[in-house]
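Worksheet for the structure shown next.
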Amino acid sequence: MTIEIYDYYVLFPNHQEGLRLHRKLKDIGIKCTISPTPREASSFCGMSLLVSEDNVRKVEEILAENNGIKTEGIAKIKRRTTLWNKTC
Amino acid sequence: MKKIIYLDNAATTWPKPESVYQVIDNFNRNIGANPGRGSSSKTLEAAGVLLTTRETLAKFFNLSDVSRIVFTKNITEALNTVLKGYLNPGDHVITSSMEHNAVARPLNTLKNAGVEVTYVTCTADGSLYPPDLERYWKKNTRMVVLLAASNVTGTIQPLQEAGRICRERGAVFLVDSAQGAGNIPIDVIEQNIDILTFTGHKGLYGPQGTGGFYIRPGLEIRTLVEGGTGSLSAETRQPDFFPDKFESGTPNTPGIAGLGAGVNFIQKTGFKAIRQHEKKLMDILLDGLQDIQGVAIYGPRDSHRQTPVVSLNLAGLECGELSFLLDENFGIMTRSGLHCAPLAHQTIGTLSRGTCRVSLSYFTTREDIETFLEAIRKISRAL
């Protein structure tokens with residue numbers, strides 16, 4: 001039986017908002033990876049931020065703060081490959 | 001090479017800080033990618049350059065929402081976008097008689113389309129008397145447009161008072177900071193500025209081809225240009241969010257990197273130190289000019305009330321001849337003529353003859369000013 005693994009992509013209206021969150025998360029030490037947006041997740045912007053399941057809640061809390069960073073939600077996508085661990 | 005004294009900084013500052021040259025070179029040499037297109041690490045580095053400059057400008061102008069800073073190729077494009085994107089036929093707009101053609105010409109086009117335009121006459125030294133704005137107020141007044149300082153006389157306008165009047169009466173306050181940003185304080189909150197337009201290549205020490213505008217949250221305008229933004233690519237409709245809505249096509253990323261470095265230079269050097277240096281040189285310049293036979297000086301003649309810009313004429317010479325003689329015989333660069341501001345020249349009484357304009361920057365030295373004064377003395381004596 002194969003284990004189903006999910007990735008969490010924070011989606012954005014544009015690169016700028018993605019970079020703003022990336023800088024913010026980096027500042028406070030939450031790991032995230034800039035990634036191309038999976039087609040099934042969004043057509044807003046080609047970049048998204050990949051966060052691990054453990055950190056999704058923390059990221060949501062940060063976004064709930066009034067810091068002006070705009071997102072288009074967080075997409076939960078089933079991983080199709082086990083070639084590499086995308087979340088680092 | 002012949003030594004050149006560059007006194008045309010109101011047209012564009014030169015030289016630029018060393019860091020500006022370096023940052024632009026570094027972008028072109030080592031980053032080079034197109035921001036917002038795809039998501040390769042290079043692309044993101046380029047997008048990061050835009051964001052960093054936006055953050056630097058937001059801090060500099062005291063505004064909170066960095067996304068609402070839009071980059072344009074220059075302030076003229078910024079002014080056209082906001083004037084034509086906000087005003088509708090039947091609206092009334094008040095502006096001053098010191099405005100540059102970057103404001104007067106789009107307003108003229110809008111006037112032909114049915115927008116009412118009132119020019120408030122400034123005093124002979126170019127100052128706006130704020131209560132005059134109220135005198136011309138109408139029920140349909142939707143906007144006041146004012147330059148921070150005159151490009152002809154350097155006259156600093158009362159932004160704070162004008163902004164307060166607009167806030168009280170419910171009109172949008174649009175500021176043209178082409179002259180002034182980097183020389184005098186521009187504070188979006190304190191001066192009640194709803195829309196701030198800026199150029200990158202003058203007092204902010206960035207390269208030519210940079211500029212933009214800021215619009216306060218809640219205020220919406222139409223676009224002037226639409227196209228690819230790297231976002232919402234599956235749709236043919238223009239994104240409705242900032243800054244993408246107004247930033248179609250590839251931006252001048254190396255230039256914007258340079259603009260960021262220019263503003264950083266101001267912050268590192270100290271805004272006050274720059275102003276102090278320019279004021280000191282202006283005092284020497286104004287004092288010296290007053291003692292030379294035949295010199296007429298326009299504007300406030302007071303370094304506290306003007307940016308480092310002086311307009312003058314020398315009796316017996318056309319302004320163009322004076323600029324030519326300064327260039328040919330002394331290697332001094334000035335600008336003569338009407339400075340794209342016929343309204344301002346009409347206000348100060350020089351529409352028919354123009355002026356010779358001398359403008360300084362932080363890189364102008366005391367020696368430059370003394371050489372200039374000596375040149376004017378020599379020309380005056382020879383007449």
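The values are calculated or read from the model by the stated rules, or taken from the named source; none is laboratory data. It should be emphasised that the depicted structure is a prediction, and the values quoted were computed from it without experimental measurement. Please note: Cβ atoms are built from the backbone with ideal geometry, for glycine as well, and neighbour counts cover all protein chains shown.
Residues of segment B:11-45 being within 14 Å of chain A (Cβ to nearest Cβ), basic (Lys, Arg) and either within 19 Å of residue B:201 (Cα to Cα) or assigned to a loop (DSSP other than H, G, I, E, B) (or both), which ones?
Selection gives B:37 alone.
Tell me which residues, restricted to segment B:167-206, are over 28 Å from residue B:241 (Cβ atoms), surrounded by fewer than 24 Cβ atoms within 10 Å (Cβ to Cβ) and touching a residue at least 40 places away in the same chain (Cβ under 8 Å).
If the condition is that a residue be over 28 Å from residue B:241 (Cβ atoms), surrounded by fewer than 24 Cβ atoms within 10 Å (Cβ to Cβ) and touching a residue at least 40 places away in the same chain (Cβ under 8 Å), then B:184, B:185 are the ones that fit.
Can we say residue B:352 is of a type in the set (Ser, Thr, Tyr) and at pLDDT below 95?
yes
For segment B:58-69: of the residues being touching a helix residue (DSSP H, G or I) at 6+ places or on another chain (Cβ under 6 Å) and assigned to a helix (DSSP H, G or I), which is nearest to the other protein chains (Cβ to nearest Cβ)?
That would be B:66.
Every residue, every condition in (1) of a type outside the set (Asp, Glu); (2) modelled with pLDDT of 95 or more, yes or no:
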site: B:269; (1), (2): yes, yes
site: B:287; (1), (2): no, yes
site: B:316; (1), (2): yes, no
site: B:327; (1), (2): no, no
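Can you tell me which residues in segment A:1-40 are free of Cβ contacts under 8 Å to residues at least 60 places away in the same chain, farther than 20 Å from residue B:45 by Cα and buried (at least 19 other Cβ atoms within 10 Å of the Cβ)?
Scanning segment A:1-40 gives no hits.
Restricting to segment B:287-342, and then to whatever is in a loop (DSSP other than H, G, I, E, B), hydrophobic (A, V, I, L, M, F, W, C) and under 18 Å from the mean Cα position of the chain (by Cα), can you tell me which residue is surrounded by the fewest Cβ atoms within 10 Å (Cβ to Cβ)?
Once the filter is applied, the top-ranked residue is B:340.
Taking the condition hydrophobic (A, V, I, L, M, F, W, C), touching a His at 6+ places or on another chain (Cβ under 9 Å) and either within 11 Å of another protein chain (Cβ to nearest Cβ) or under 24 Å from residue B:244 (Cα atoms) (or both), does residue A:45 pass?
So residue A:45 fits the description; yes.
Considering each of A:77, A:62, A:34 in turn, give the residue that is outside any loop (DSSP other than H, G, I, E, B) and within 20 Å of residue B:230 (Cβ to Cβ).
Only one candidate passes the filter, namely A:34.
In this structure, is residue A:57 in a helix (DSSP H, G or I), among the basic types (Lys, Arg) and crowded, with 16+ Cβ neighbours inside 10 Å?
No; evaluated as a whole, the condition is false for this residue.
Tell me whether segment B:315-327 contains one or more residues that are closer than 30 Å to residue B:18 by Cα and of a type in the set (S, T, N, Q).
The answer is yes; a qualifying residue exists.
Considering only segment A:18-34, how many residues are facing chain B (nearest Cβ under 7 Å) and within 12 Å of the chain's Cα centre (by Cα)?
The number of residues fulfilling the criteria is 2.
Going through segment B:207-260 one residue at a time, which ones are more than 30 Å from residue B:25 (Cβ to Cβ) and away from every other protein chain (no Cβ under 14 Å)?
B:215, B:219, B:220, B:221, B:222, B:223, B:224, B:226
Report every pair of residues separated by at least 6 positions or lying on different chains whose Cβ atoms are under 8 Å apart, first residue within segment B:319-342 and free of Cβ contacts under 8 Å to residues at least 40 places away in the same chain, second in a helix (DSSP H, G or I) and of a type in the set (A, V, I, L, M).
So the pair list comes out as B:336/B:322.
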